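Structure first, then comments.
The values are calculated or read from the model by the stated rules, or taken from the named source; none is laboratory data. All figures in this text were calculated on a predicted structure; none of them were measured in a lab. Cβ: placed from backbone, ideal geometry, glycine included. Neighbour counts: every protein chain shown.
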Amino acid sequence: MMIPDPDYPDVFISLPYRGCQIELARDESGGVACYTAWVKHEGGWAIAVPRAWTRQAAVRLAKQWIMRRF
């Protein structure tokens with residue numbers, strides 16, 4: 001079944017880290033911003049950080065995610 005109007009992440013920053021690519025997306029709900037960190041690696045994509053309240057926290061947690069898995 002196809003989704004007629006998928007919700008694609010709105011990536012606003014992308015940075016390399018240890019052979020991977022961290023991409024941050026920002027969403028706002030009820031006037032509160034939250035950030036999601038996606039990681040592109042040689043095997044595909046993963047949501048490393050489903051929710052963080054600041055950009056700095058999202059990047060820090062994504063880097064920790066990469067260090068734990070690779």
Those residues of the stretch 46-56 which are of a type outside the set (Lys, Arg), within 11 Å of the chain's Cα centre (by Cα) and surrounded by fewer than 15 Cβ atoms within 10 Å (Cβ to Cβ) amount to 47, 50
Using the structure shown, decide if residue 38 is among the aromatic types (Phe, Trp, Tyr), at pLDDT 95 or above and not in a helix (DSSP H, G or I).
yes
With respect to residue 52, determine if the residue is touching a helix residue (DSSP H, G or I) at 6+ places or on another chain (Cβ under 8 Å), of a type in the set (Gly, Ala, Ser) and modelled with pLDDT of 95 or more.
yes
